[in-house]
Amino acid sequence: MIELVINGEARSFPAPLTLDRLVQTLDLTGKRIAIEKNGEIVPRSQHADTPLASGDRLEIVVAVGGG
């Protein structure tokens with residue numbers, strides 16, 4: 001298991017885990033999101049190649065449109 005902190009909340013996920021797989025698991029595929037891993041923004045183009053490890057801290061922001 002991988003222990004992550006996502007938006008301040010501790011969560012556990014099966015290993016191995018990439019950022020892309022996490023997005024799928026959290027049902028965020030196709031949504032406009034920004035992800036910060038341990039203080040650094042990860043471009044969407046790198047999500048599939050970004051492995052996650054226990055202790056990683058993520059901030060995930062979902063863009064919401066409206067008028």
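Here are the numbers:
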quantity: Any hit, the range 47-67, residues being open to solvent by 80 Å² or more (accessible area, probe 1.4 Å), in contact with an Asp or Glu (Cβ under 9 Å, 6 or more places away or on another chain) and in a helix (DSSP H, G or I); calculated: yes
quantity: Looking only at the range 14-46, and only at residues there that are aliphatic (A, V, I, L, M) and open to solvent by 60 Å² or more (accessible area, probe 1.4 Å), the one that is nearest to Met1 (Cα to Cα); calculated: Ala15
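The values are calculated or read from the model by the stated rules, or taken from the named source; none is laboratory data. Nothing here was measured: the structure is a model prediction, and the numbers come from that model. Using ideal geometry, Cβ is built from the backbone for each residue, glycine included, and neighbour counts are taken over all protein chains shown. In case anyone asks, the SASA skips ligands and DNA or RNA and just uses the protein heavy atoms, side chains included. Shrake-Rupley method; radii C 1.70, N 1.55, O 1.52, S 1.80 Å.
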